[in-house]
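Chemist: Structure in structure tokens, see below.
Here, each number is a calculation from the coordinates, and none is a lab measurement. Here the structure is a predicted model, which is why all the values come from computation and not from measurement. Positions of Cβ are backbone-derived with ideal geometry, glycine not excepted, and every protein chain shown enters the neighbour counts.
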Amino acid sequence: MPQQAPLIIDVAGLSLSKIDRQRLKHPLVGGIILFARNWQDRAQLAQLCREIKRVRRDLLICVDHEGGRVQRFKTDGFTHLPPMRALGELWLNDGKAGEGAGAMRATNAATACGFVLGAELRACGVDFSFTPVLDLDFGESSVIGDRAFTRDPRVVSLLAKSLMHGLLQSGMANCGKHFPGHGFVKADSHTDIPVDKRSLKAILAEDAAPYGWLNSTLSSVMPAHVIYPKVDARPAGFSSKWLNDILRGQLGFGGAIFSDDLSMAGARLIDGQPVSYTQAAVAALNAGCDLVLLCNQSLASSDGGGLAVDELIDGLTEAQLKGGWQPQEASEARRRALLPCSPAPDWDALMVQPDYMHALALLP
């Protein structure tokens, strides 16, 4: 029978509890996502990552660490990375002659950002960051805002490719998000279900264009919890049309697909009906996701914190036994391909590495 470990879960604190270890040992769990609550300092983070790897070497340790306001670790030596808009502004600041010097400086700076981002995380034991944002900055979305490089999909693609080059230099894979685009809608899918009423043709011409242009560079993609009713009644992350027909078929993407957080409001209604975490996970996996995230549900407390994680693990196990979902070898191969292949230097060695010091000097 094919094996697959599609669940990415979180843990409550600064170290692993007994229940955390039990959950991480489960064969359906493929990784962990860290948050600021899991951070005290570099020594603690490195120890936590070692604890996780002692449970299972193949667990993918992830974090949302983009730069700007989405950066989980900001103290004890971590570089404060700029928001991606700063790179877009550097591109546009091209001088009087418009000779392209700003664009070239911006791509170089983007590579430096990617390298510093990936190298610092890896020096502490983190495998993977959900970056870069490929959404276009239409000036509408507060949840995206300065997380986007700029409005032009061509510039977004080239800056993202440069940033992904830097990640690659550090030994880290990448994740383009939020497919096919979250920048046009005002609503925040953490708290609402955004609806984008544009045509497929309009979306493919702009928002989704980077996914096709970067199909040989992207390691993974995260779809948006946004409904595009002229394409499908379901949010993109639960839509086989978006994930299989368009992203994989039409745009030629072959890497891993992550669901966005299943606890977000945009994931809690499918076809107009409220769904459980298990139902959402099964819908995402059957639509074409390889991995599904459930975030901020592990918090251990007297009021039963963490029950949602256990319910999801048990529910997906039952769905598999009953034939509601079947593991895919290809999905597991895509997950494992996101694990770093090369050893990372420790923090002290990184600090004096010439490539790292050079990259720091290039940051905007």
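Chemist: Placing +1 on the Cβ of each Lys and Arg and -1 on the Cβ of each Asp and Glu in the chain, which of G88, A308, S219 has its Cα farthest towards the positive end of the resulting dipole?
Modeler: S219
Chemist: Below 8 Å, C-alpha to C-alpha, sequence gap of six or more: please give me the relative contact order for the chain in percent.
Modeler: Over the chain, the number comes to 19 percent.
Chemist: Let me ask something additional. Assigning unit charges at the beta carbon (Lys, Arg +1; Asp, Glu -1) and nothing else, what dipole magnitude in debye, to the nearest 20, does the range 51-193 show about its Cα centre?
Modeler: 360
Chemist: Neighbour counts of other C-beta atoms within 10 Å: give me H26, H65, H80 arranged from fewest to most.
Modeler: Fewest-to-most ranking of H26, H65, H80: H80, H26, H65.
Chemist: Please list the non-local residues whose amide H lies under 5 Å from the amide H of H65, H modeled 1.01 Å from N, same-chain partners needing a gap of 5 or more.
Modeler: Under 5 Å from the amide H of H65 lie the amide H atoms of F130, each far enough along the sequence or on another chain.
Chemist: So, in nm, how far is label A43 from label K74 when the simple model puts each one 7 Å beyond its Cα toward the Cβ?
Modeler: The answer from the label model is 2.4 nm.
Chemist: Let me ask you something else. Between the range 27-88 and the range 159-232, how far is it from one alpha carbon centroid to the other, in angstrom?
Modeler: Using only Cα atoms to place each centre, the spacing works out to 22 Å.
Chemist: Treating only the Cβ atoms of Lys and Arg (+1) and Asp and Glu (-1) as charged, compute the dipole magnitude of the range 183-293 about its Cα centre; round to the nearest 20 debye.
Modeler: It works out to roughly 280 debye.
Chemist: Go ahead and run the numbers for FRET between D94 and K201, Cβ-Cβ distance against an R0 of 35 Å, rounding to 0.05.
Modeler: Taking R0 as 35 Å, the efficiency between D94 and K201 is 0.70.
Chemist: Under a point-charge model restricted to the Cβ atoms of Lys and Arg (+1) and Asp and Glu (-1), what is the dipole moment magnitude of the range 286-364 relative to its Cα centre, in debye to the nearest 20?
Modeler: Around 280 debye, computed over the range 286-364.
Chemist: Report, by chain and number, residues whose modeled amide H sits under 5 Å from the one on G183, excluding near sequence neighbours (fewer than 5 apart, same chain).
Modeler: Amide H neighbours of G183, under 5 Å, 5+ apart: L136.
Chemist: Work out from phi, with θ = phi - 60° and the Karplus expression 6.51 cos²θ - 1.76 cosθ + 1.60, the ³J(HN,Hα) of each residue of the range 18-35, listed in order in whole Hz, and give x for Gly and Pro.
Modeler: With the stated coefficients, the range 18-35 comes to 4, 5, 4, 4, 4, 5, 5, 6, 5, x, 7, 8, x, x, 9, 10, 9, 10 Hz.
Chemist: For labels at E329 and V352 in the simple 7 Å Cα→Cβ model, what's the distance in nm?
Modeler: Going by the 7 Å Cα→Cβ label model, 4.8 nm.
Chemist: Residue by residue through the range 242-252, which ³J(HN,Hα) values in whole Hz follow from phi under the Karplus form 6.51 cos²θ - 1.76 cosθ + 1.60 (θ = phi - 60°), with glycine and proline marked x?
Modeler: Computed from phi, the couplings for the range 242-252 are 6, 7, 8, 6, 8, 5, 7, x, 7, 9, x Hz.
Chemist: Greater than 28 Å separation of Cα atoms is the criterion. Which listed pairs, K53/K161; K177/K201; K197/K322, meet it?
Modeler: Too far apart for the 28 Å limit: K53/K161; K197/K322.
Chemist: Net charge within 12 Å of A330 by Cβ-Cβ distance, Lys/Arg positive one each and Asp/Glu negative one each, not counting A330 itself?
Modeler: The answer is +1.
Chemist: Same structure, new question: At a 10 Å Cβ-Cβ cut-off, how would you order S342, S141, fewest neighbours first?
Modeler: S342, S141
Chemist: Take every DSSP beta bridge whose two residues both sit in the chain, then give the antiparallel share in percent to the nearest 5.
Modeler: In the chain, approximately 20 percent of DSSP beta bridges are antiparallel ones.
Chemist: Packing-wise, with mean Cβ within 10 Å as the measure, how do 244-255, 109-120 rank, highest first?
Modeler: So the peptides 244-255, 109-120, ranked by packing, come out 109-120, 244-255.
Chemist: Rounded to a whole number, what is D in µm²/s for the chain from Stokes-Einstein with the Kirkwood radius over alpha-carbon pairs (20 °C, 1.002 mPa s)?
Modeler: The Stokes-Einstein estimate is 104 µm²/s.
Chemist: Moving to a separate point now. Once label points are set 7 Å from the Cα along Cα→Cβ at both K322 and H165, what is their separation, rounded to one decimal in nm?
Modeler: 5.1
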